[in-house]
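Quick notes on the structure that follows.
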Amino acid sequence: MNQTLLSQEQQELLPVLLLEWYDQTRRILPWREDPQPYYVWLSEIMLQQTRVEAVKPYFARFLETLPTIQALAEASEETLLKLWEGLGYYSRVRNLQKAARVVMGEYGGELPSNPLLLEKLPGIGSYTAGAIASIAFGVPVPAVDGNVLRVISRVTASREDIAAPKCKRNMEQEITKIIPENRAGDFNQALMELGAMVCLGNGEPKCLCCPLQRICEGYRQGVAGELPVKAPKKPRKIEERTVLLLHCGDTFALRQRPKKGLLAGMWELPSLDGKRSREEVKGWLQEQGAQVLSVREVPVATHIFTHVEWHMTGFFSELSEPLPEFFWADSNALEQQYALPSAFKAYFPELGLKKGKRSR
Ligand code: SF4
């Protein structure tokens, strides 16, 4: 097996070349300029599935409303979900709050600097623990994310499968050997920054402007674009759903999802399994006891989760009385109080919402 190993020359030169480049070109980011532990933690959680530019306004709004770990620990669920609306993967913000409560209860409101203790907090894995410990506290530990896996695979011309846990452990060991004691946070951020700005994914590294070109084995062998190697994921499961936009007076029907599983505990538009016709929807509503004034089809929509794809057919139905099994909310309450997952974004205009903002 091809081991991920940095040569002696790479070990000596990589930190020097990388930090020189970082000092000259690094992006100014709010959490970078004031790397308080809470800010670094929040930014890392937000950045897990979202691009830097998209995170910036969310980060500012979140801290405006919840400026401290204590405020986060005490926030209502509605406030939390509203602040996260549009970022998706809501378990992230739920874990953030669970962890904040542990920090208040066990650490007097201050995040610990020890990565092993950080890793015990809900929602914090080895990468995030390394990032917080090194960036906020200067602890010389690695923080290996997808960007770093790609850069190191290319620099070493490694053909190890980066989806394998063993590969990540190897890279963490290699980086531990070279991480500068006095600039651990900058070094980790520089590696991530190189992956985000120069050593790009999808076979498109910008080697000609890369500070590591002279020590990069992938570049020397002409194989950088083929790396890293990643075993294909299992195909996502496809679920057909029929989404019901039930309208009565000036309100729409909502229901809450189960406490466990996909979008746990979130509000959602009611839906039926499978792809139903207009007549089937009308028949189902009548079976529930609804007086149906009209049913019209709205455009189909798709939403992709990590392991599942929802293929949605939608119907807008006008009812004369609200069905008691649902919760009913007007556009204003939907806008202000109830965070609907972005899986339903295609239907926001029909609900009087536009990109999460009220449009009428
Ligand atoms: Fe990545 Fe190319 Fe730089 Fe190597 S030389 S680290 S492949 S951008």
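The values are calculated or read from the model by the stated rules, or taken from the named source; none is laboratory data. Since this is a predicted model, take the numbers as computed values, not measurements. Counting neighbours? That spans all protein chains shown, and the Cβs are built from the backbone with ideal geometry, glycine included. Heavy atoms of the whole protein, side chains included, go into the accessibility calculation; ligands, DNA and RNA do not. Shrake-Rupley method; radii C 1.70, N 1.55, O 1.52, S 1.80 Å.
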query: Quick one: would you say SER359 is at pLDDT below 95 and among the hydroxyl-bearing types (Ser, Thr, Tyr)?
result: yes
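Take GLU20 and decide whether it is touching a residue at least 60 places away in the same chain (Cβ under 8 Å) and loosely packed, with under 15 Cβ neighbours inside 10 Å.
yes
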- prompt: Within the range 102-123, can one find any residue that is among the small types (Gly, Ala, Ser), buried (at least 21 other Cβ atoms within 10 Å of the Cβ) and out of contact with any His (no Cβ under 7 Å at 6 or more places or on another chain)?
  reply: no
message: Give all pairs with beta carbons closer than 8 Å in which a residue from the range 134-148 that is outside the structural domain of ALA163 (by TED's automatic domain parsing) meets a residue that is crowded, with 24+ Cβ neighbours inside 10 Å and modelled with pLDDT of 95 or more; count only pairs at least 6 apart in sequence or on separate chains.
response: none
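Just need a number here: residues in the range 184-208 that are in contact with a Gly (Cβ under 8 Å, 6 or more places away or on another chain) and open to solvent by 20 Å² or more (accessible area, probe 1.4 Å). Give the steps one after another, and end with the answer.
Within the range 184-208, the subset in contact with a Gly (Cβ under 8 Å, 6 or more places away or on another chain) is 184-185, 188, 195, 201, 203-205.
Adding the requirement that they be open to solvent by 20 Å² or more (accessible area, probe 1.4 Å) leaves 201, 203-205.
Result for the range 184-208: 4.
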query: Which one is nearest to GLN97 (Cα to Cα) among residues in the range 4-46 that are polar (S, T, N, Q) and over 30 Å from the mean Cα position of the chain (by Cα)?
result: GLN11
message: Yes or no: the range 206-214 includes at least one residue that is of a type in the set (S, T, N, Q), in the same structural domain as GLU77 (by TED's automatic domain parsing) and in contact (Cβ under 8 Å) with a residue 60 or more places away in the chain.
response: no
- line: Log entry, pairs with first residue in the range 48-68 being among the hydrophobic types (A, V, I, L, M, F, W, C), second being not in a helix (DSSP H, G or I), beta carbons closer than 7 Å, six or more apart or on different chains, reads VAL52/LEU29; LEU66/ALA75
- prompt: What number goes with the only condition from (1) in contact with a Pro (Cβ under 8 Å, 6 or more places away or on another chain); (2) open to solvent by less than 20 Å² (accessible area, probe 1.4 Å); (3) under 30 Å from VAL16 (Cβ atoms) that LEU246 does not pass?
  reply: (3)
message: Against the definition (within 29 Å of ASN202 (Cα to Cα), open to solvent by less than 10 Å² (accessible area, probe 1.4 Å) and not hydroxyl-bearing (Ser, Thr, Tyr)), how does ALA99 come out, yes or no?
response: no
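Every residue, every condition in (1) touching a strand residue (DSSP E or B) at 6+ places or on another chain (Cβ under 7 Å); (2) modelled with pLDDT of 95 or more; (3) farther than 18 Å from CYS199 by Cβ; (4) of a type in the set (Ser, Thr, Tyr), yes or no:
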site: ASP34; (1), (2), (3), (4): no, no, yes, no
site: THR50; (1), (2), (3), (4): no, no, yes, yes
site: VAL55; (1), (2), (3), (4): no, yes, yes, no
site: ILE69; (1), (2), (3), (4): no, yes, yes, no
field: Among (1) among the charged types (D, E, K, R); (2) modelled with pLDDT under 95; (3) more than 10 Å from the ligand (Cβ to nearest atom), the one test that GLU181 misses
entry: (2)
- prompt: Out of all the residues in the range 196-208, which are closer than 25 Å to ILE135 by Cβ and more than 8 Å from the ligand (Cβ to nearest atom)?
  reply: ALA196, MET197, GLY201
query: In this structure, does SER134 turn out to be among the small types (Gly, Ala, Ser), within 14 Å of the ligand (Cβ to nearest atom) and either at negative phi or in a helix (DSSP H, G or I) (or both)?
result: no
The range 137-148 - residue that is surrounded by fewer than 23 Cβ atoms within 10 Å (Cβ to Cβ) and not in a loop (DSSP other than H, G, I, E, B) and, of those, farthest from the ligand (Cβ to nearest atom): PHE137
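Output yes when any residue across the range 283-300 is among the aliphatic types (A, V, I, L, M), open to solvent by 70 Å² or more (accessible area, probe 1.4 Å) and out of contact with any helix residue (DSSP H, G or I) (no Cβ under 9 Å at 6 or more places or on another chain), and no when none is.
The answer is yes, given that some residue of the range 283-300 is among the aliphatic types (A, V, I, L, M), open to solvent by 70 Å² or more (accessible area, probe 1.4 Å) and out of contact with any helix residue (DSSP H, G or I) (no Cβ under 9 Å at 6 or more places or on another chain).
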message: Can you tell me which of (1) without any contact (Cβ under 8 Å) to a residue 40 or more places away in the chain; (2) over 30 Å from LEU334 (Cβ atoms); (3) among the β-branched types (Val, Ile, Thr) is the one THR79 doesn't meet?
response: (2)
- request: Pick out the one residue from SER153, SER158 that is crowded, with 23+ Cβ neighbours inside 10 Å, in a loop (DSSP other than H, G, I, E, B), under 28 Å from the mean Cα position of the chain (by Cα) and more than 8 Å from the ligand (Cβ to nearest atom).
  value: SER158
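Looking only at helices (runs of 4 or more DSSP H) that fall completely inside the range 34-79, which ones have 2 or more residues that are open to solvent by 50 Å² or more (accessible area, probe 1.4 Å)? Give the derivation first.
Values: elements: 37-47, 52-65, 69-74.
Answer list for the range 34-79: 52-65, 69-74.
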Failed item in (1) at pLDDT 95 or above; (2) in contact with a Gly (Cβ under 7 Å, 6 or more places away or on another chain), with LYS259 passing the rest: (1)
